[in-house]
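Computed from the coordinates by the stated procedures, all read-outs in this text should not be read as laboratory data. None of these values were measured; they are calculated from a predicted model. Cβ placement follows ideal geometry from the backbone for every residue including glycine, while neighbour counts extend to all protein chains displayed.
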Number of protein chains: 2
Amino acid sequence: MKLPLGYRYASLYAGIRKVAQDDLALIASDTPAACAGVFTQNRVQAAPVKVCKAHLKESRGVAGAILINAGNANCATRSGDRVALACCKAVAKLRKSPVSHVLPASTGVIGVELDPRLITDALPKLVASLSDRNFEAVSRAIMTTDTRPKTASAEVAAGKGTVTIAGMTKGAGMIMPMMATTLGFVMTDAAIAPSMLAGMLREANEESYSRMSVDGDTSTNDTLLLLANGASGQKISAKDRNVFTEALAHVMQDLARQIARDGEGAKKLITIHVEGAPSNDAAARIARAIANSPLVKTAVAGSDPNWGRIVMAAGNSGVAFEPAQVDVYMQGVRVCRKGLAAPFSEDALKAKLDEKEVDIHFVIQGGGEGQTRFWTCDFTEEYIRINASYRT
Amino acid sequence: MKLPLGYRYASLYAGIRKVAQDDLALIASDTPAACAGVFTQNRVQAAPVKVCKAHLKESRGVAGAILINAGNANCATRSGDRVALACCKAVAKLRKSPVSHVLPASTGVIGVELDPRLITDALPKLVASLSDRNFEAVSRAIMTTDTRPKTASAEVAAGKGTVTIAGMTKGAGMIMPMMATTLGFVMTDAAIAPSMLAGMLREANEESYSRMSVDGDTSTNDTLLLLANGASGQKISAKDRNVFTEALAHVMQDLARQIARDGEGAKKLITIHVEGAPSNDAAARIARAIANSPLVKTAVAGSDPNWGRIVMAAGNSGVAFEPAQVDVYMQGVRVCRKGLAAPFSEDALKAKLDEKEVDIHFVIQGGGEGQTRFWTCDFTEEYIRINASYRT
């Protein structure tokens, strides 16, 4: 994977999680980078989310390092804000940067105090091991119930040269991003003004993380950060803006799809297309209702072309539509026409539904212009096994 | 169980479901009864729901018979309205009543045409077998994935005597009633004016069916009907209204709890109490968010006192509250105080969570007057097994 210039990465095991697997990571830019973030909309927000927002505000969208720990969400903890801030200060001291240029992110169990010494004691070694070859190691260190690391990248022509975007993300459960989900870090070596960067991230997010769910539970720690350090020497001008944003959205969609595919216990990636809704937002609401229905997700797990559940779920989305105008397709096969059963071969479709990727198209004929794509996963017994005993 | 006077019941196997188990049922009042109903708020509504509403409007709240079938929801079907109406007409002819006094209700698979002849051919035998001794048989005939019939009753002093309320209900999946859920039929021999009856049903429903979910999926067929035929000779006057409504709510809560307890794959009944919310409605929204969180439901299945998930779910309810004011109790044990971990014995609480009934209290200290009770169930691997292969 081609990585953007001017970033270095490090990870190690600091003793935060029970199993001896890297749980502390640092992403650093060689020079201060423009930075934008999107965060959870949960009313309960973890300390690192609050500190991240405060630092981005104070720095006016500039950052040099992201400090991430797994194994403890640092949420609903007595000392949460103090711990997050102390760790940022320790990084800033070692890196000789303003404290506001260090952004914290945490994932793991909620409500358990996080011992800051585990982190601060490990920081000198962590900073000393920063290297441009540790990208993949960091993508593994931020995992919790994930079964595999999740990375994506793209190259974009810009100015007189090429810029590179690379991202990593984690997440398998407690996932229904309303803004971002769990943790995602995207780096580029393009030069982009902070104000422009924030708008690009919001746009790309609307078509990626905000269109994906695993279980409908929005986390307290969702954080997605985008860094642009300009190390390529190429600046994104107004005319490059759309091409770059599209490439960014592509990388973020790739990451979001990897999260859905690796949803806790999931065997299948489900892509839901909605067309003909009153607006794109209404399309997203319909798609989200279908994606979050346990009955739809279990039907897909069982390769059951039970389109009645899809129509039922859409009917609960709060969006006004005429059921008699609805066509539904599964794996390209029309299973419902004008709200009624369409003839199809049950056996042939069941075989197609056994595939690892399942497409659902929900089309309101003669409806509006609103459309969207949304990613989720099937719901298997393994999800229950994982979550009935995660904490203890 | 004491049953109200003046009602008769019948059921038989008409060949609608694949297994030879009663699938057609009739509830009849000896005289026209005042009747009120609450129905699904799903945008997609089954034909019997539409016919029920039209008949209640036409009759101004009077009904003599309820015709119920299991095995086919008569929803998203080409001939749905015609079939439902034809069946009502056939009952009306046999019972010599206006067509609008017959109310249809269906439950089962969505999107499969319902053959009306299966029903009309069986009706003469069904009507001939009406008896006051078939209450329990009918409560079994309306079951789908239910593992047991669900009935409840109460006696209330009214006027110079006593009146009786008895109800039956069904439902185990596709259950998050916004108004009512799946099917519920409640009969009383009190005399109550139709206009008064509708208000009492709405009030009782707000504290029972509207406070319960299994999987967060609102069905297309939800129908709850309340009949009052006056056969006891006692009239509910304005002064008896509150006592009667309370007894009615008690019967309906009993039925709603039985649905939650028999939720697909459920091993535990969960009762969620919310106090200190800005309003009762806000309390219900918090309770519903907790009840619908797969992560909360799987934690309860695993007897895991994972209160962080409860706080996370409440934070997604859309209700504004201050996390630092929240106390959470599980089985009476305080697990979270002012938004932070409270000390408790993990082993002792895990043992308590192994019980068949689990209580969760979510209290906003110094908050508003809003409170509610809400019922749901845990989420086990069996739910997945049931729903991955329901249709085929």
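Shortest first, A:Pro124 label-point distances to identical copies amount to 9.8 nm, with the label point at 7 Å from Cα along Cα→Cβ.
Electrostatic bookkeeping for A:Asp378 treats Lys and Arg as +1 and Asp and Glu as -1; over the other residues with beta carbon under 12 Å from its beta carbon, the sum is -3. Chain A residue nearest by beta-carbon to the axis mapping A to B, with distance in Å: A:Glu381, 2. Ranking of B:Leu5, A:Leu226, A:Leu353, B:Leu225 by neighbouring Cβ atoms within 10 Å, starting from the fewest: B:Leu5, A:Leu353, B:Leu225, A:Leu226. Between A:Lys239 and A:Gln41, the simple spin-label model (points 7 angstrom out along Cα→Cβ) gives 3.7 nm.
Out of A:Ala33, A:Ala351, A:Ala191, any idea which swings most in a Gaussian network model of chain A, alpha carbons joined below 10 Å? Result for chain A, Cα springs under 10 Å: A:Ala351 fluctuates most. With a Förster radius of 41 Å, plug the Cβ-Cβ distance of B:Glu136 and A:Asn280 into 1/(1 + (r/R0)^6) and report the FRET value to the nearest 0.05. About 0.20, to the nearest 0.05. Helix screen, chain A: DSSP H segments with Cα axial length of 24 Å or more and mean Kyte-Doolittle hydropathy at least -1.0 are A:241-261.
Taken over the range B:175-309, the ratio of Cα radius of gyration to 2.2 N^0.38 Å equals 1.19. FRET efficiency for the pair A:Lys125 and A:Glu322, taken as 1/(1 + (r/R0)^6) with r the Cβ-Cβ distance and R0 = 60 Å, rounds to 0.45.
Which of B:Gly108, B:Gly230, B:Gly332 moves the most in a Gaussian network model of chain B with Cα springs under 10 Å? Maximum fluctuation in the GNM of chain B, among the listed residues, is at B:Gly332. Have a look at B:Ala314, B:Ala157, B:Ala70 and tell me which one the Gaussian network model of chain B (Cα, springs below 10 Å) gives the largest fluctuation. Looking only at B:Ala314, B:Ala157, B:Ala70, the biggest GNM fluctuation is shown by B:Ala157.
Can you give the charge dipole size of the range B:7-261 about its Cα centre, rounded to the nearest 20 debye, using +1 on the beta carbon of Lys and Arg and -1 on the beta carbon of Asp and Glu? Approximately 520 debye in magnitude. As a proxy for reagent exposure, B:Ser237, B:Ser303 were ordered by neighbouring Cβ count within 10 angstrom, fewest first; the result is B:Ser237, B:Ser303.
Just want to confirm a number: the relative contact order over chain A, from Cα pairs under 8 angstrom separated by 6+ residues, in percent.
17
For the range B:111-210, the spherically averaged projection of the C-alpha convex hull amounts to 8.9 nm². Two numbers describe the Cα atoms of the range A:269-387: Rg and Dmax, which are 13.6, 44 Å.
Could you pull out the pairs from B:Lys170/B:Lys297; A:Lys57/A:Lys235; A:Lys267/B:Lys268; A:Lys125/A:Lys239 whose alpha carbons sit more than 31 Å apart here?
Cα-Cα > 31 Å for A:Lys125/A:Lys239; rest within.
Going by neighbour counts of Cβ atoms within 10 Å, the residues B:Arg288, B:Arg95 line up, fewest first, as B:Arg95, B:Arg288. Placing a label point 7 Å from the Cα of B:Ala351 along the Cα-to-Cβ direction, the distances to the matching points in the other copies come to 5.7 nm, shortest first. Sequence-distant contacts, meaning Cα pairs under 8 Å at least 6 residues apart, place the relative contact order of the range A:94-177 at 22 percent. Taking amide H positions as modeled 1.01 Å from N, with prolines and chain starts lacking one, the residues under 5 Å from A:Val214 and 5 or more places away or on another chain are A:Ile175, A:Met176. Take the Cα of B:Ser345, step 7 Å toward its Cβ, do the same at A:Ala20, and the gap between the two points is 3.5 nm.
B:Arg78 label point (Cα plus 7 Å toward Cβ) to equivalent points in the other copies: 7.0 nm, shortest first. Rounded to the nearest 500, the helix-only mean residue ellipticity at 222 nm of the protein assembly as shown stands at -10000 deg cm²/dmol, with each DSSP H run of n ≥ 4 adding -39,500 (n - 2.57). Measuring max minus min along each principal axis, the C-alpha atoms of the range B:1-149 give extents of 38, 35, 28 Å (largest first).
Over the Cα atoms of chain A, each weighted equally, I'd like the Debye log10 I(q)/I(0) at q = 0.10 Å⁻¹, rounded to two decimals. Treating every Cα as an identical point scatterer, log10 I(q)/I(0) equals -0.65. Considering only A:Leu225, A:Ala266, A:Cys52, and ranking their Cα positions along the charge dipole of chain A that arises from unit charges at the beta-carbon of Lys, Arg, Asp and Glu, the one farthest toward the positive end is A:Cys52. Here the translational diffusion coefficient of the protein assembly as shown follows from Stokes-Einstein with Rh set to the Kirkwood radius across Cα pairs; for 10 °C and 1.306 mPa s it amounts to 57 µm²/s. If R₀ is 41 angstrom, what is the calculated FRET efficiency for the pair A:Glu355 and B:Lys338, using the beta carbon separation as r and rounding to 0.05? Approximately 0.25, to the nearest 0.05.
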